[in-house]
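Asker: I'd like to ask you about the structure that follows.
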Amino acid sequence: MTGLQDLYREIILDHYRAPRNRGELPVPPAHKVEGFNPLCGDEVVLYLEVEGGVVTDVRTGGQGCSISQASTSMMSAAVKGKSVDDARTLIRAFKALMSIHESKLEGAEGTDTTEADLAGVRLGDLEALQGVVKFPVRIKCATLAWNVLAQGLDESA
Amino acid sequence: MTGLQDLYREIILDHYRAPRNRGELPVPPAHKVEGFNPLCGDEVVLYLEVEGGVVTDVRTGGQGCSISQASTSMMSAAVKGKSVDDARTLIRAFKALMSIHESKLEGAEGTDTTEADLAGVRLGDLEALQGVVKFPVRIKCATLAWNVLAQGLDESA
Amino acid sequence: MSLDVAAIRADFPILERRIGDHRLVYLDSASSAQKPQVVLDAMDRLYATSYANVHRGVYAIAEEATAEFEAARAKVARFVGAPEAREVVFTRNATEAINLVAHTWARANLGAGDVVVLSHLEHHANVVPWHQLAAERGIELRWIPLTDDHRLDLTGLDALLDGAALLSVTAMSNVTGTIVDVPALAAAAHAAGARVLVDACQSVAQVPVDVTAWDADFVAFSSHKIYGPAGIGALWARAELLEAMPPFLGGGEMIRDVTTEGFTTNDIPWKFEAGTPAIAEAVGMGAAVDYLTAIGMDAVRAHERDLTAYALAALRDRFGDRLRIFGPPDADDRGGVVSFLFDDIHAHDVSQVVDEVGVCVRAGHHCAKPLMRILGVPATSRASFGVYNDRDDVDVLVEALGRAEAFFAL
Amino acid sequence: MSLDVAAIRADFPILERRIGDHRLVYLDSASSAQKPQVVLDAMDRLYATSYANVHRGVYAIAEEATAEFEAARAKVARFVGAPEAREVVFTRNATEAINLVAHTWARANLGAGDVVVLSHLEHHANVVPWHQLAAERGIELRWIPLTDDHRLDLTGLDALLDGAALLSVTAMSNVTGTIVDVPALAAAAHAAGARVLVDACQSVAQVPVDVTAWDADFVAFSSHKIYGPAGIGALWARAELLEAMPPFLGGGEMIRDVTTEGFTTNDIPWKFEAGTPAIAEAVGMGAAVDYLTAIGMDAVRAHERDLTAYALAALRDRFGDRLRIFGPPDADDRGGVVSFLFDDIHAHDVSQVVDEVGVCVRAGHHCAKPLMRILGVPATSRASFGVYNDRDDVDVLVEALGRAEAFFAL
Ligand SMILES: Cc1ncc(COP(=O)(O)O)c(C=O)c1O
Ligand SMILES: Cc1ncc(COP(=O)(O)O)c(C=O)c1O
């Protein structure tokens, strides 16, 4: 099961089993955003507290497969306390990690994010998710939380 | 051109070149009916005068291929002066001549006209049109005038 | 009556496909069935000998193409017990067939406050068109609820049907497998003055369907679930309804006359078939119908019932309470579809793991999100059976699920 | 630049067909083109190795089918110069593509008194949907008239476009072959504040099409005219328009979420693709696009132009005034379509007679009855050319027409 071990790294299963930052935040001041994967019904709910250009708190809800939920958990840990700008850079870096394959699946013509742009960004644990790119259908599971985050940051701006 | 000679019998070409009963009748007392072959745009116009259960006069108009126009002409000659009942029997007999093939083309399940019913009906010249059944697409050309007649008789009733 | 599965498997070229070292165990026929060689051959033969646009040309190959296209319509009509071939309208799929009714019959007949009755089992194809009509016209939707074992709960049926204009229900759920008693529902609906639309998408593949015995008004289904090509489906409806309905899409073929001022419509069924149709696909659907008819739909039903009973028992034996199985417990009440869910492994992850050993099962909401909410789950795994599956395939599935369970165990 | 027609002919299995003692001379590509073996092979290969429903399964063959389906979309997008693949919506055919715009964009934006401008060249597919909208909503239709040689008469264009919401025109007539100057029309329409829909059904098969250079808003076409299978076609539209448009058919695939209360829609293009699509046909359309791209659309255009010029000259030489030929006299202004009519032989009869020697020409109104009325004829005969035709075919046609003339001579 080499392929599977690539997809389901230990750290992913750990986030899946023990998701970080589960819960809700009072709205307002927090902002609530939801996203669905129309394919499989995966659902991500995000509560975002943004103050002075900083993501001061994050809570997550929703349900879905190990990949979508682990990605949500890892994302929440990664952006909590970060500036909105850094969070946006992280979104772009994560999607770059996934994007060649996502766009291939959708028949899109590539992405405008240049590698150079993101060279300095450290993804840390998130890199564990790169095994997903070998399973194109699952890329949408991994990116769902990040799309919801992007929407949340736009709406809290 | 054996096939073609079967389709284009001399008598058909004669009716095509010199159509009988071309013209119009004052409406009312006459009744005007029109029909189209949606396939090819063949058009038949019929003026029917029905009095006391008898088709006292018929005039035809329209445009189309040799088969549709010859059939119109032959039909007009055949029903003029006939009782409405006889005209209806003629319609059924003519459609029986064509119908196995028409229904085959349309995927229908056959016809409810029984052979026995129509055994005594004499089609005369009209039988020249039976070569049409070898050319399924043209059957609709041949039957158009008869469908218009049927509609006209219904509406004048 | 039992199927010669080995012989049938040989008819399906894709079953020679290997996934890694494993043979393909295709258990997703409820989503789309595989195609036997005879269906592919029928389409290739048309393309290689008689392809032309239909209903348009006078020349020989156009006549042949038209005759084959219309012969396919007649076959499809016979397959579902339609009294006349002209009552069968070719559509892209069942979804378009249902939308056609919503856009023509329903928009001509329903207005604010009119009631359409659906059930909680419905596929999105039989939900969203009615939501659209509700948003546009203010019609009211009512829902037949489910019993605890996921059959329709008919105790409140009369109240639901009271004043209803249409009852639109599936004949077989694509999630729980539930077989719905269509004749009883149709009788009740007609007694209440409602028309009856049946989503027969799953049934046509698994049980003998007779629209006359059902006493339905509209019946929708797809070719790709009955081993024919995708891209074509059918709406059957009573001739007098079709005659009275306004047309749907406008264009070639559906017209009698067109001027700069307006247009008149062609006879049924062509009135509803605008533009160049899926010609080879209709012929392929006809060939699929021939294929199923040769096997015999009674035999197909017996086969599906047998596999379902076997699968239900095998899953219960192996996984007990750790695996939730949806739908009626008795295989007599269900088609060849088994949805299930481990307590703590997501359906998606299960599918992924069993795919490693060549097992194709569907994971997700199966286009039935209202039902998912009622089942209280975001998604299920679903195994579904076709004529090419046998008990061995079920055994492979059970074994693969065992691996998945082990993989995700702490 | 000239095509190796002998090599191309070998790609098309149907061209081995014989009609009696005669080879098939297929001159009806404007109605539907024949299919090269590579297109049939692409579909068969999918069915034999990777067929599954798309966008639904996690397992390997479902992933492969989805990837092939979406790759086909990308190919089609590139073929017509679309900036993004997601701007291409798969439909059944061009007819459905135009109806989709009428049902979504137009019904969301047009009301009583709003103006849609058409031309007298239009195919029923680009007439009837607007008649339907006129009857339902009271929109006003205006018509761009024709010059004596059947080109668009643009002298009154500004007045016609004044206050118009949409200009919807063909890029190439399927009757007269007239090539329409789309960029000029689009510029005028946009200047007047109107959107532009182009019926590119004929053009995509014969000239390089670039929706961006055209500066159109919506472009409709069919696979079966570009040597792909019937049953699939496409609507290209600007992403921002597609995003803003309400959905069309409701069902699986086009949704994001569905409850018993309502639904939300998926992203474009899937938002407009309800139900199981024509999967193999999309792949076949992609293969057809590859086939044409390999030949080169500039070469195809040169070939069509050459055959048209040759045919126009040959018909004039042989029949002089006895044969009326429709459309612009210069082949530069027209695609590979020649409509003609003997003074006193009906088009239907001509078709029938030439069929005896294997020549397939279309007879009828070509789904353009408003145009027929303007031409003052009930029907025409029409010969149209594909990549597999050559001057020999034109010679055979001329000879066969001579026989028809003789046969019907008094
Ligand atoms: C100019 C034009 N528009 C529209 C159509 C309709 O195409 P389809 O029948 O593939 O929808 C055709 C083909 O018949 C055509 O030639
Ligand atoms: C019960 C049911 N209804 C409708 C559909 C829709 O069928 P299609 O996608 O072929 O339109 C399906 C198949 O997914 C189904 O299972």
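Asker: Could you say which residue among D:Ala234, D:Ala230, D:Ala216 is within 16 Å of ligand 1 (Cβ to nearest atom) and in a strand (DSSP E or B)? Before the answer, list the steps.
Answerer: Working: D:Ala230 fails: in a strand (DSSP E or B); D:Ala216 fails: in a strand (DSSP E or B).
None of the other options fit; the residue is D:Ala234.
Asker: Under 6 Å by Cβ, and 6 or more places apart or on different chains, what pairs join a residue from segment D:264-279 that is free of Cβ contacts under 8 Å to residues at least 40 places away in the same chain with one that is among the hydroxyl-bearing types (Ser, Thr, Tyr) and buried (at least 24 other Cβ atoms within 10 Å of the Cβ)?
Answerer: Sorted first by the residue in segment D:264-279, then by its partner, the pairs are D:Ala274/C:Thr95; D:Gly275/C:Thr95.
Asker: Suppose the filter is at pLDDT 95 or above and in the same structural domain as C:Phe221 (by TED's automatic domain parsing); does C:Ala74 pass it? Spell out how you get there, then give the answer.
Answerer: Details: at pLDDT 95 or above: yes; in the same structural domain as C:Phe221 (by TED's automatic domain parsing): yes.
Considered against the rule, which asks whether it is at pLDDT 95 or above and in the same structural domain as C:Phe221 (by TED's automatic domain parsing), C:Ala74 comes out as yes.
Asker: Could you list all residues from segment C:128-144 that are in contact with a strand residue (DSSP E or B) (Cβ under 6 Å, 6 or more places away or on another chain), facing chain D (nearest Cβ under 9 Å) and over 13 Å from C:His103 (Cα atoms)?
Answerer: Once the filter is applied, which keeps residues that are in contact with a strand residue (DSSP E or B) (Cβ under 6 Å, 6 or more places away or on another chain), facing chain D (nearest Cβ under 9 Å) and over 13 Å from C:His103 (Cα atoms), segment C:128-144 yields C:Leu141, C:Trp143.
Asker: Inspect all residues belonging to segment C:310-326 and state whether any of them is within 29 Å of C:Ala82 (Cα to Cα) and in contact with a Gly (Cβ under 9 Å, 6 or more places away or on another chain).
Answerer: Step one: list which residues in segment C:310-326 are within 29 Å of C:Ala82 (Cα to Cα), which gives none.
Within segment C:310-326 (the criterion being within 29 Å of C:Ala82 (Cα to Cα) and in contact with a Gly (Cβ under 9 Å, 6 or more places away or on another chain)), the answer is no, since none of the residues qualifies.
Asker: May I ask you to verify whether C:Arg45 is part of a helix (DSSP H, G or I) and either in contact (Cβ under 8 Å) with a residue 24 or more places away in the chain or within 28 Å of C:Thr212 (Cβ to Cβ) (or both)? Working first, answer last.
Answerer: On the way: part of a helix (DSSP H, G or I): yes; either in contact (Cβ under 8 Å) with a residue 24 or more places away in the chain or within 28 Å of C:Thr212 (Cβ to Cβ) (or both): no.
Answer is no for this residue.
Asker: For C:Gly252, work out the one condition from (1) within 7 Å of chain D (Cβ to nearest Cβ); (2) in contact (Cβ under 8 Å) with a residue 24 or more places away in the chain; (3) farther than 29 Å from C:Asp215 by Cα; (4) out of contact with any Cys (no Cβ under 7 Å at 6 or more places or on another chain) it doesn't fulfil.
Answerer: Unmet for C:Gly252, out of (1) within 7 Å of chain D (Cβ to nearest Cβ); (2) in contact (Cβ under 8 Å) with a residue 24 or more places away in the chain; (3) farther than 29 Å from C:Asp215 by Cα; (4) out of contact with any Cys (no Cβ under 7 Å at 6 or more places or on another chain): (4).
Asker: Also: For a quick check of your reading of the model, give me the residue pairs whose first member lies in segment C:320-334 and is under 13 Å from C:Leu307 (Cα atoms), whose second is of a type in the set (S, T, N, Q) and in a helix (DSSP H, G or I), with beta-carbon atoms closer than 7 Å and at least 6 apart or on different chains.
Answerer: C:Ala331/C:Thr308; C:Arg334/C:Thr308
Asker: State all residues of segment C:333-373 that are within 16 Å of ligand 2 (Cβ to nearest atom), within 10 Å of another protein chain (Cβ to nearest Cβ) and among the β-branched types (Val, Ile, Thr); if no residue qualifies, say none.
Answerer: C:Val361
Asker: Please work out if C:Pro129 is touching a Ser or Thr at 6+ places or on another chain (Cβ under 9 Å) and either among the basic types (Lys, Arg) or away from ligand 2 (no atom under 16 Å from the Cβ) (or both).
Answerer: On the way: touching a Ser or Thr at 6+ places or on another chain (Cβ under 9 Å): yes; either among the basic types (Lys, Arg) or away from ligand 2 (no atom under 16 Å from the Cβ) (or both): no.
No: the conditions fail for C:Pro129.
Asker: Read through the list (1) among the hydroxyl-bearing types (Ser, Thr, Tyr); (2) farther than 30 Å from D:His22 by Cβ; (3) without any contact (Cβ under 8 Å) to a residue 24 or more places away in the chain, then give the number of the only condition that C:Ser31 fails.
Answerer: (3)
Asker: Output the residues belonging to segment C:97-113 that are more than 16 Å from ligand 2 (Cβ to nearest atom) and either in contact with a Leu (Cβ under 8 Å, 6 or more places away or on another chain) or within 19 Å of D:Thr95 (Cα to Cα) (or both).
Answerer: Narrowing segment C:97-113 to residues more than 16 Å from ligand 2 (Cβ to nearest atom): C:104-113.
Scanning segment C:97-113 gives C:Thr104, C:Trp105, C:Ala106, C:Arg107, C:Leu110.
Asker: What is the residue count in segment D:353-410 for residues that are buried (at least 24 other Cβ atoms within 10 Å of the Cβ) and basic (Lys, Arg)?
Answerer: 3
Asker: If you take the residues of segment D:239-258 that are modelled with pLDDT of 95 or more and away from ligand 2 (no atom under 16 Å from the Cβ), which of them is surrounded by the fewest Cβ atoms within 10 Å (Cβ to Cβ)?
Answerer: Selected residue: D:Glu240.
Asker: Anything in segment D:147-173 that is part of a loop (DSSP other than H, G, I, E, B) and of a type outside the set (Lys, Arg)? List them, or say none. Give the steps one after another, and end with the answer.
Answerer: In the first step, residues of segment D:147-173 are kept if they are part of a loop (DSSP other than H, G, I, E, B); the result is D:147-151, D:153-156, D:162-163, D:171, D:173.
Within segment D:147-173, D:Thr147, D:Asp148, D:Asp149, D:His150, D:Asp153, D:Leu154, D:Thr155, D:Gly156, D:Asp162, D:Gly163, D:Ala171, D:Ser173 qualify.
Asker: Tell me the residue from C:Thr95, C:Thr66 that is of a type in the set (Val, Ile, Thr) and surrounded by 24 or more Cβ atoms within 10 Å (Cβ to Cβ), please.
Answerer: On the way: C:Thr66 fails: surrounded by 24 or more Cβ atoms within 10 Å (Cβ to Cβ).
When all the criteria are applied, what remains is C:Thr95.
Asker: Also, quick follow-up: Does D:Arg107 satisfy the condition of being surrounded by fewer than 19 Cβ atoms within 10 Å (Cβ to Cβ) and within 30 Å of D:Arg238 (Cβ to Cβ)? Steps first, answer last, please.
Answerer: Numbers: surrounded by fewer than 19 Cβ atoms within 10 Å (Cβ to Cβ): yes; within 30 Å of D:Arg238 (Cβ to Cβ): yes.
Spelling it out, D:Arg107 is indeed surrounded by fewer than 19 Cβ atoms within 10 Å (Cβ to Cβ) and within 30 Å of D:Arg238 (Cβ to Cβ).
Results for (1) touching a helix residue (DSSP H, G or I) at 6+ places or on another chain (Cβ under 7 Å); (2) away from chain D (no Cβ under 14 Å), shown as yes or no for each residue.
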| residue | (1), (2) |
| --- | --- |
| B:Tyr16 | yes, no |
| B:Glu24 | no, yes |
| B:Glu43 | no, no |
| B:Glu49 | no, yes |
| B:Gln63 | no, no |
| B:Ile67 | yes, no |
| B:Met75 | yes, yes |
| B:Asp86 | no, yes |
| B:Lys95 | yes, yes |
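Asker: Being touching a helix residue (DSSP H, G or I) at 6+ places or on another chain (Cβ under 6 Å) and closer than 17 Å to D:Gly193 by Cβ is the filter; apply it to segment D:112-143 and report the residue that is surrounded by the most Cβ atoms within 10 Å (Cβ to Cβ).
Answerer: D:Val117
Asker: Within the group C:Ala94, C:Ala171, C:Ala165, C:Ala85, which residue is within 15 Å of ligand 2 (Cβ to nearest atom) and more than 12 Å from chain D (Cβ to nearest Cβ)? Steps first, answer last, please.
Answerer: Numbers: C:Ala94 fails: more than 12 Å from chain D (Cβ to nearest Cβ); C:Ala165 fails: within 15 Å of ligand 2 (Cβ to nearest atom); C:Ala85 fails: within 15 Å of ligand 2 (Cβ to nearest atom).
Within the list C:Ala94, C:Ala171, C:Ala165, C:Ala85, the selection yields C:Ala171.
Asker: Here's a follow-up. Could you tell me whether any residue of segment D:174-194 is outside any loop (DSSP other than H, G, I, E, B) and either within 10 Å of ligand 1 (Cβ to nearest atom) or of a type in the set (Lys, Arg) (or both)? It would help to see each step written out before you state the result.
Answerer: The first filter runs over segment D:174-194 and keeps only residues outside any loop (DSSP other than H, G, I, E, B), leaving D:178-179, D:182-191.
Okay, now just the ones that are also either within 10 Å of ligand 1 (Cβ to nearest atom) or of a type in the set (Lys, Arg) (or both), so none.
No, there is no match, as no residue in segment D:174-194 is outside any loop (DSSP other than H, G, I, E, B) and either within 10 Å of ligand 1 (Cβ to nearest atom) or of a type in the set (Lys, Arg) (or both).
Asker: Report those helices (runs of 4 or more DSSP H) wholly inside segment C:288-378 carrying at least 2 residues which are within 22 Å of C:Asp148 (Cα to Cα) and under 21 Å from the mean Cα position of the chain (by Cα). Spell out the reasoning first.
Answerer: Working: elements: C:297-319, C:347-355, C:369-375.
Once the helices (runs of 4 or more DSSP H) in segment C:288-378 are filtered for at least 2 residues that are within 22 Å of C:Asp148 (Cα to Cα) and under 21 Å from the mean Cα position of the chain (by Cα), what remains is C:297-319, C:369-375.
Asker: Would you be able to say whether some residue in segment C:344-367 is assigned by TED's automatic domain parsing to the domain that holds C:Asp21, modelled with pLDDT of 95 or more, farther than 30 Å from D:Glu261 by Cα and acidic (Asp, Glu)?
Answerer: no
The values are calculated or read from the model by the stated rules, or taken from the named source; none is laboratory data. All values derive from a computational prediction rather than experimental measurement. Cβ sites come from the backbone with ideal geometry, for glycine too, and all protein chains shown count toward neighbours.
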